[in-house]
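The values are calculated or read from the model by the stated rules, or taken from the named source; none is laboratory data. The structure displayed is predicted, hence computed values, not measured ones. All Cβ positions, glycine included, derive from the backbone under ideal geometry; neighbour counts span all protein chains shown. Heads up: the accessible areas ignore ligands, DNA and RNA and are worked out on the full protein's heavy atoms, side chains in. Shrake-Rupley method; radii C 1.70, N 1.55, O 1.52, S 1.80 Å.
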Amino acid sequence: MSGAGTRRVIAVASALALLGVTLVLLFCTEQIAVRFWFAGAVTAAIVSFVAFLSRRLLFASVFTSSLVAVVLLVSLEKQATMNMGLHSYDLFFYLNADTFEFLWGDYRRYVVVVLAALAAALILAALTWRFDTTRLSRLASGLALVAAVAVAGGLEPQASAEGGAFRLFTQSNSFVSAFYLSWSETWATLVRGQLLEAAARTALPDFVSESRCTPSTKPPNIVLIHQESLVPPSLFPRLQYDRNLDRFFHSDDGRLHRLRVETYGGGSWVTEFALLTGISAKAFGDMRMFVQVLMEGRLKETLPQELANCGYRTLMLFPMSNGFLSLDRFYRSIGFSEILDREAQGAPTTRERDRFYFQNALEAMDHHFKSSDRPLFIYIQTMASHGPYDRAYMPEEKVPGGGPGTSPEMSEYLRRAAMAERDGDFLMDEIKRRFPDEPILIVRYGDHQPSATRDLISGVWGDDSPDVGEGGAPGPYITFYAVAGKNYSLPPLPDYDPLDVAYLGTVMLEVAGLPLSAVQRERERLMVACEGRYFGCQPSSEILAFHRRLINSGFVRTP
């Protein structure tokens, strides 16, 4: 056999062996039968398509196998930090300079691994292109492509429906099929935008835009604090820690108020969206991780807009650069008149201690109270408690971690929670000292649990996870909210335990004693009727009819 013939035999044999390994990999990671066959059919279609273009079987096999390997690698890394696999829209969502800077600063190890894998795949593909001397018939690869597409298309509806479609937050063993299934949704979103889940029609009347609200008495200034990744450790019965930390999570009524959020370990913007808009991000389906970008300029009657209508100045302290995930444009579109980002605050990094942001907020409050009689709404986002927890944050700070038997990651999380408590006490003391005559309402909330709680909530994963899991530990979507008043007496807080985050803005307006708009009055009614549930309200028709009214009234604009 000639040298060229030998190379062809080696190329074909290598290609078949590589495709066999890829099939085994899919078999081991796709644990739902129809999802395995669907993933296999799509993978075959990709191989056939690349072979049709290149006429090189080994190159097509290397390219496709590398794609599968990278999808699995990124999904595993992403799930480890954010409990979600790779979605095709991530390619549009994360690829910008500001976001990469954040990922490089906080998740450098993961970024390096992924970049190394991509580099290795490119080098291998280039070498394969030079070595591969096969020249397949385009007729054969074209027929294979048609057959694979037909099989994948036939399996797609059942693959999508299996296990409740592509569940972005909970796919732990169907990463490749989930990535493939997400493409149709991404394409539809790019073409027509994202639709809010709503009733087809409703007999209920449209909402009417409110004229400027006029509080009967001087309303309190409002400080809303995004307590990054914080969850009360008291919710975990097996956890040993300094019990003095518990009071940090209590409201002025001395109680712990649990909050039900919609993301775990990351994706803070999902919680922000539900809080600031009063609409569950889950109502946007599997694109909810990208909902702020998709709904920019399409929402009215949001929390900042309602406060502005009541005469408030709306100010946000944002720890990232303005271009991070393009979130600054969303924040402005929903009513924040001013955004102080990382550069404006003079932050050396994207992860400063909470006290840094609090000091900036205090300076802004001091300047405002000296120059204006308008009430102030200031939204402060913190970052120090965010993962990863594989290294000590500010190791020079001597604060308690976990007790005996606590995992290193959880112990580090508890250190950061203790630092957050100290900085929170600093803020409260400074507010009392600096502004003795100003009525101020302070609302704090945990946007999601830290990834360090993963081992404590095993067995309760899923979009519809129970609020209480094994051994009395909370489900993965339970955090807290706390309300305090300085020179301001608080009315009773709701008894719903937990309260869905989409209602927290309404609760805040009620506690502040502000007149509620028609939309907020309906949201208040739903909170009572649904016993604090939003997306999980029964019957769901109540929420879906509310969404239809928002759309019909022009308060949610859809394409």
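Listed by first and then second residue, the pairs linking a residue in region 392-407 that is on the phi > 0 side of the Ramachandran plot to a residue that is not in a loop (DSSP other than H, G, I, E, B), with Cβ atoms under 9 Å apart and 6 or more places separating them unless they lie on different chains, are 394/415; 394/416; 394/419.
Counting only residues that are open to solvent by less than 40 Å² (accessible area, probe 1.4 Å) and in a helix (DSSP H, G or I), region 430-447 holds 2 of them. In a residue-by-residue description of region 329-352, the property of being under 19 Å from residue 504 (Cα atoms), surrounded by fewer than 22 Cβ atoms within 10 Å (Cβ to Cβ) and of a type in the set (A, V, I, L, M) applies to no position. Of all residues in region 398-429, those that are acidic (Asp, Glu) and either in contact with a His (Cβ under 6 Å, 6 or more places away or on another chain) or open to solvent by less than 30 Å² (accessible area, probe 1.4 Å) (or both) total 3. If the condition is being surrounded by fewer than 21 Cβ atoms within 10 Å (Cβ to Cβ), of a type in the set (A, V, I, L, M, F, W, C) and part of a helix (DSSP H, G or I), then region 201-260 contributes 245, 248. Being within 20 Å of the chain's Cα centre (by Cα) and in a loop (DSSP other than H, G, I, E, B): is that true of residue 466 here? The answer is yes for residue 466.
Restricting to region 518-559, what's the tally of residues that are among the hydrophobic types (A, V, I, L, M, F, W, C) and farther than 18 Å from residue 506 by Cα? The total comes to 3. Condition (residue is farther than 13 Å from residue 251 by Cα, free of Cβ contacts under 8 Å to residues at least 24 places away in the same chain and either touching a Ser or Thr at 6+ places or on another chain (Cβ under 6 Å) or not small (Gly, Ala, Ser) (or both)) applied to region 491-502: is it met by at least one residue? There is no residue in region 491-502 that is farther than 13 Å from residue 251 by Cα, free of Cβ contacts under 8 Å to residues at least 24 places away in the same chain and either touching a Ser or Thr at 6+ places or on another chain (Cβ under 6 Å) or not small (Gly, Ala, Ser) (or both).
Scanning region 508-533 for residues that are open to solvent by 30 Å² or more (accessible area, probe 1.4 Å) and of a type in the set (D, E, K, R), we see that the one that is farthest from residue 306 (Cα to Cα) is 531.
Residue 508 fulfils the conditions (1) in contact with a strand residue (DSSP E or B) (Cβ under 8 Å, 6 or more places away or on another chain); (2) modelled with pLDDT under 95 except for a single criterion, (2).
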